[in-house]
Amino acid sequence: MEPNYSEYSIAELQDALANIDKQAYPERVEKIESELSSRQPAQSHSEEPLNDDYEPNEQFFKCPTCEKKIGFFSKTANKWGKNKECPHCSAPFESFMKWKVFAIALIPVFFVHLFVLRPLVVSLGFNGAISTGIICGLLTVFAMRYRKVRSPKVT
């Protein structure tokens, strides 16, 4: 019974070619090589990395294009929506949350809130929920980043 090489994966074809007795089965070697060569262009084309010179350049309250500071209380930083425009160079950028930073900072900030900030706020005569709001705001600010917007391709 002749093996059906069209059902083999590329790794299986390469393994079969490496381990086949080339003297005893020259026609099978030829079939394996033709199957591999027919699949290689499709594989190399699909694995080719996209090279459009795009670099997100994530920044903490700086424009990712001109790298000038954007103030926390500025009109640009507090504009509604994800997409914003730099007040210095007018380049578009987007704001997003860096969830890894948020998760890493969550536990230490929680303990600071529980043992330092909340008792301080309560001892000053305010509601303890104010400290929760302060901590949530600080976590959000520390996790906020700006990155370039990928420009649409024009062909």
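The values are calculated or read from the model by the stated rules, or taken from the named source; none is laboratory data. Quick caveat, the model's predicted, so the values are computed rather than measured. Reconstructed Cβ throughout: ideal geometry from the backbone, glycine too, with neighbour counts over all protein chains shown.
Worth a mention:
- Listing of helices (runs of 4 or more DSSP H) fully contained in segment 82-155 that carry 2 or more residues being surrounded by fewer than 11 Cβ atoms within 10 Å (Cβ to Cβ): 99-112, 129-143
One line per residue, one yes/no per condition, for (1) assigned to a loop (DSSP other than H, G, I, E, B); (2) modelled with pLDDT of 85 or more; (3) farther than 21 Å from Ala143 by Cβ:
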{"position": "Ala11", "(1), (2), (3)": "no, no, yes"}
{"position": "Ala16", "(1), (2), (3)": "no, yes, yes"}
{"position": "Ala24", "(1), (2), (3)": "yes, yes, yes"}
{"position": "Val29", "(1), (2), (3)": "no, yes, yes"}
{"position": "Gln43", "(1), (2), (3)": "no, no, yes"}
{"position": "Glu48", "(1), (2), (3)": "yes, no, yes"}
{"position": "Asn51", "(1), (2), (3)": "yes, no, yes"}
{"position": "Tyr54", "(1), (2), (3)": "yes, no, yes"}
{"position": "Ser74", "(1), (2), (3)": "yes, yes, no"}
